[in-house]
Structures are given as structure tokens and as C-alpha cells.
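First the structure, in the form of C-alpha cells, and then the observations on it.
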Amino acid sequence: MKLDLHARRLVDRLWNYCNVLRDDGVSSLEYLEQLSFLVFLKMAAEIEEADSHIAQEDRRRHVLPHTKEWQGRGWPELLDLTGSELEEAYTQLLADLGRRGENENTTLGLIFHRARNRLQNPANLRRLIVDLIDKEEWLSASKDIKGDAYEALIARSAEDTKAGAGQYFTPRVLIESIVRCMRPTPDDTITDPACGTGGFLLAAHDYVVREYGGEMSTDDFARFDEGAIWGTELVSATARLAAMNLLLHNIGRPDGTPLIHVEDALAKPPTKRASIVLANPPFGKKSSIVITNVDGSVSREDMSYHRRDFWETTTNKQFNFLQHIANLLTDDGRAAVILPDNVLNEGGRGASIRRELLNRYNLHTMLRLPKGIFYAGSVKANVLFFDAASPRRSDDEPPRTQQLWVYDLRTGNRLTLKQNPLLPGHLEDFETRAFGVGEPDPDSAITRRTPEGRLQVFDGADLVATKDVNLDIGLIEPDDAEAKSLTELTLALSSDLRGALSELENLAEDLGVELPLLIQGQ
């Protein structure tokens with residue numbers, strides 16, 4: 001992300017202070033959380049001040065509770081206090097706002113839900129309030145300053161893998177490339193069912209404003225604040241960051257309905273559908289819930305989602321997200337989802353799900369990503385681009401996926417997070433050849449795709465007709481025929497073993513029997 005000078009200086013000041021707070025035992029994620037609380041309170045005070053000249057009280061905006069008991073509370077209260085009084089007032093303020101948040105369906109309610117003070121040193125808290133946050137005009141500042149600065153802080157915190165920050169972070173370069181390929185418009189409804197800190201939602205919004213802003217009406221812009229763009233996040237602390245991230249990019253309102261929904265996206269069929277779904281579901285094969293036992297110990301229990309709209313019932317998290325995303329689409333909807341290799345080659349119910357995807361949807365493009373671009377360094381992932389299609393009238397009709405174009409960016413590329421990171425230049429050829437990005441007529445460019453080099457095409461009917469519907473296809477790295485033959489044999493055996501293991505797991509699941517750890521491959 002390229003920051004202007006003001007935003008870069010702001011990031012440096014705020015991040016340097018994060019390093020100071022580490023000595024107090026405050027992690028980068030906890031610091032971002034406290035920063036979100038304080039910036040929100042500062043913005044609430046700026047809104048109050050901006051509307052103070054309005055004579056009619058009912059026309060003034062009040063983000064914090066507007067009652068006699070709350071007069072003087074919030075940012076003005078924190079500015080006037082020092083020492084233990086400041087710490088006590090801040091702690092009490094978060095507790096009071098947190099209680100209101102449990103019963104209030106607003107962005108304020110989401111951000112302060114179960115809020116707690118993590119800054120136990122009053123001097124550090126005072127400095128953060130007075131010397132850093134109060135010196136900035138957060139409400140009137142452009143989103144390029146406040147929004148991009150906040151997002152840059154999230155990106156830096158993602159490097160703190162010991163705190164688990166990297167688990168929800170998708171490289172901005174990849175997000176922006178996917179959005180350029182998807183080309184959202186002001187008429188689209190856009191969602192991410194595993195939104196993390198909101199990276200896909202922000203990039204889609206920025207694209208629409210950049211490409212169409214000059215011709216968009218006030219109502220067009222208001223659509224985003226009223227729910228035309230929304231996300232779902234399971235972890236409340238991460239959802240808090242996402243809500244604040246959107247707010248600082250001028251998406252949503254502090255006193256409006258939250259655009260981030262804190263819930264398990266897989267728990268029930270969607271009640272609202274989108275014309276564009278963008279997602280990078282969390283890595284990890286199994287869906288599970290955390291259980292606290294009577295003795296205080298913690299264990300996990302694998303979950304199956306029994307949904308009528310799912311083609312197959314499975315404990316595999318990625319397959320569940322794939323089915324959920326497919327069902328999230330409107331009749332003319334489009335999706336781009338990042339998924340690991342096991343979704344492409346796992347046997348048993350995995351093969352059945354891939355067959356249904358090819359039959360029911362147009363899986364027109366797949367991008368094979370190189371290793372080393374995610375904080376989970378060993379992950380091999382792909383971007384699946386697919387569109388909703390009209391239902392087949394019979395099983396005799398050909399699959400809705402007529403051709404699958406695969407661009408292999410993995411073979412021959414060895415990337416790392418720092419020394420050799422993913423750059424826009426790595427994705428330019430894919431964007432141009434597969435989606436016509438930068439062409440005067442992208443749709444025409446897509447129809448003129450030619451199989452050459454990293455971009456190859458596969459027949460959808462041929463893929464569906466195979467036993468395992470293996471989509472783990474791309475370039476073969478070994479040069480000699482013997483190595484290539486050995487590779488293909490190894491892949492075939494590996495696929496058969498995975499299929500057999502998957503069938504065993506599914507059978508055990510149906511019978512309610514737990515497989516031995518050795519058989520589970522653990």
C-alpha cells in the first residue's frame with residue numbers, strides 16, 4: 001500500500017508507540033483494539049462539535065448516549081484527567097459502552113461490545129490520548145490519511161505472527177488484483193463471509209469510487225452505508241477492527257446499523273444474497289468449536305454443518321465455505337474465493353462437491369498461487385473465479401462449466417513475505433490475459449483468451465466425467481519424461497490414498513465413531 005507523507009508519518013508515530021506499549025505487555029492486536037476505541041471516541045466528539053451550531057436539537061447527531069448522565073463523558077472527560085483518575089474513567093467508560101453495545105445494533109455497539117482497558121499505565125494512556133490521537137482531525141481527514149494509515153497498522157500487526165495476527169491477513173496486492181478482475185460497479189451488492197479486517201470490502205469500495213465516482217449520485221454512495229456492502233466475521237475482536245477500518249474509509253456510520261455481522265457464516269443458509277462475493281476463508285481443514293470442560297480444560301470438537309442448501313455434509317471448513325459462497329450468489333452473481341489445494345484434490349465428498357460446482361456453476365478461471373505469500377507459509381492456495389448459472393433441466397445437459405482456464409503462477413516462482421514478496425508485476429500477465437484488465441474492451445479480451453505458457457484451458461465435461469474430478473492441474477516442473485511420469489504416478493497414488501482416507505473419515509462420522517490418530521494422519 002502506497003501512503004502519502006502525512007499518512008506515513010502518522011503510521012510511524014502510532015506504530016512506534018505500539019513498540020513502547022509492548023513493555024507493558026500490550027500486544028499489537030490489543031494496541032489496535034485500544035486505538036480503535038480511542039479514535040472512535042475522538043470522532044464522536046468531532047461529530048458533536050461539528051453539529052453544535054445547529055439550533056434544532058433533534059437535527060444534531062449524537063453518537064454516544066445523549067442523556068443527562070452522559071453529559072461531559074467520552075473524549076472531553078479523558079482529555080481533562082490524568083493518573084489513576086484517567087485509568088479509572090477510561091476503564092469505566094469502556095465498561096458502560098460495552099454494556100450498551102450488548103443491546104444496541106449500531107457500529108458503536110459492535111466496536112465497544114465487551115470492551116476492556118488493556119492500557120494499565122496511566123502515563124502511556126495519557127500520551128496516547130493527548131499527544132497522538134487528539135492532534136489529528138479524524139472526521140474531516142481524507143480516507144487516504146486516516147483509513148490507509150489504519151489499514152497500514154493492521155498490515156504491520158499481521159507480521160506479529162506470534163500474536164496470531166497473520167491468520168486473517170490477505171496480501172493487499174492479491175486482493176487488489178482480484179478486485180480488478182471482478183470489476184465491481186455501483187449497482188453491485190458485495191459481501192465477504194469471512195471478512196477478517198475487511199480488506200476485500202475496502203478494495204471493492206475503492207475500485208467502485210475510483211472508476212465510477214464522477215458519475216455516482218448521493219444515493220449511490222449512500223447504498224454502501226445502508227448495507228450494499230457488508231461482511232461476516234466469527235471473531236468479535238477481529239470484527240471490531242473491520243468495523244473501524246470501514247468507518248475510517250468513510251463506509252458506514254458510527255450510529256448506523258453495523259456493516260460487519262459477528263456470527264458463524266456457516267451456521268445457517270444466507271438470508272441476503274450478493275451479486276459479488278469475495279473471500280479468503282480461514283486456513284485449516286476442520287470446522288470445530290472450542291469446548292470448556294468442567295475441570296477448566298479446553299478441547300475442540302469437529303463440526304458438521306447440516307444445511308439443506310449444501311450439496312454434501314462435511315466437517316471440512318473449506319468445502320463448507322465453498323458451498324456457502326455458491327449459495328450466497330444472486331442469480332447473476334459472481335465469486336472469487338481463495339482456497340487451498342486440498343479443495344482441488346481431496347476425494348470422497350470433496351469430489352462430489354467439485355462435481356456439483358462444475359455442473360451448477362461456471363467455474364471459468366483458476367489462479368494457482370505461489371507458496372510464501374501468506375503468513376501460514378506452507379499453504380498452497382488458489383483463487384477460484386466462478387459465476388452463477390441457470391439450473392440444468394436434466395442430468396443429461398452438459399455442465400455449466402464449459403471451459404476451465406487455469407493460470408499457473410506457482411511453477412517456477414519462489415516467493416517470501418519479506419525478501420521476495422508478491423508484487424503487482426507478478427499478477428499483470430494473469431490479469432491481462434485471463435480478464436482483459438487494462439484493455440479497452442475487457443469482455444472481448446476474455447472471449448479471445450488463448451492457451452499458451454502459464455495459461456491453459458481444460459474441458460469442463462471431461463473434468464466432470466473423471467472419477468475424482470481432480471482440479472489440481474497446472475504446469476509440470478520436471479523437465480525429463482521419466483520425472484514427469486513419476487510425478488504423475490505419485491499424484492495419482494496420493495489422490496487415491498486421500499480419497500480412501502476421506503471415505504473412512506466420512507464413514508466414521510456417519511457411524512459416530514472416532515478414528516485412531518494414526519489413521520487420521522495426525
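Under the classification rounded if a/c is under 1.5, otherwise prolate if a/b is larger than b/c and oblate if not, where does the stretch 364-422 fall, given a ≥ b ≥ c as square roots of the Cα gyration tensor eigenvalues?
Prolate is the answer for the stretch 364-422, as a/c is 1.5 or above and a/b outweighs b/c.
Which cross-chain or sequence-distant (5 or more) residues have an amide H under 5 Å from the amide H of T365, H modelled 1.01 Å from N in plane?
So T365 has HN proximity to F385, W405.
When the chain is fully extended, how far beyond the present Cα-Cα distance does R13 get from L79, taking 0.36 nm per residue of separation?
Net length gain for the segment: 21.8 nm.
Step through the residues of the stretch 75-80 one at a time and calculate ³J(HN,Hα) from phi using the Karplus curve (6.51 cos²θ - 1.76 cosθ + 1.60, θ = phi - 60°), rounding each to whole Hz and writing x for Gly and Pro.
4, x, 5, 5, 5, 8
Dividing the alpha-carbon Rg of the stretch 63-149 by 2.2 N^0.38 Å yields what?
The value comes to 1.16.
Under 16 Å from a point 7 Å along the Cα-to-Cβ line of S217: which residues of the stretch 183-199 have their amide N that close?
186-188
Once the whole set of protein chains is in place, how much accessible area is left on T185, using a 1.4 Å probe, in Å² to the nearest 10?
T185 has an accessible surface of roughly 40 Å² with all protein chains in place.
Just the accessible area per residue of the stretch 302-357, please: how many Å² with a 1.4 Å probe?
Result: 29 Å² of accessible area for each residue.
Starting from the stretch 439-469, pick out the trypsin sites (Lys or Arg not before Pro) whose DSSP state is loop and whose Cβ has at most 13 other Cβ atoms within 10 Å.
Those satisfying the criteria are R448, K467.
Of K371/K467; K317/K380; K68/K135; K380/K418; K272/K380; K268/K371, which pairs sit farther than 25 Å apart, going by alpha carbon to alpha carbon?
The answer is K371/K467; K68/K135; K272/K380; K268/K371.
Full-extension gain between A123 and S140, please, as 0.36 nm times their residue separation minus the C-alpha to C-alpha distance.
Additional length available on full extension: 3.3 nm.
For an R0 of 30 angstrom, estimate the FRET efficiency from the Cβ-Cβ distance between D387 and D255 and round to the nearest 0.05.
After rounding, the FRET efficiency stands at 0.20.
The values are calculated or read from the model by the stated rules, or taken from the named source; none is laboratory data. Quick caveat, the model's predicted, so the values are computed rather than measured. Here Cβ is always computed from backbone atoms with ideal geometry, including for glycine, and neighbour counts include all displayed protein chains. Accessible surface is based on the protein model in full, side chains and every heavy atom, while ligands, DNA and RNA are left aside. Shrake-Rupley method; radii C 1.70, N 1.55, O 1.52, S 1.80 Å.
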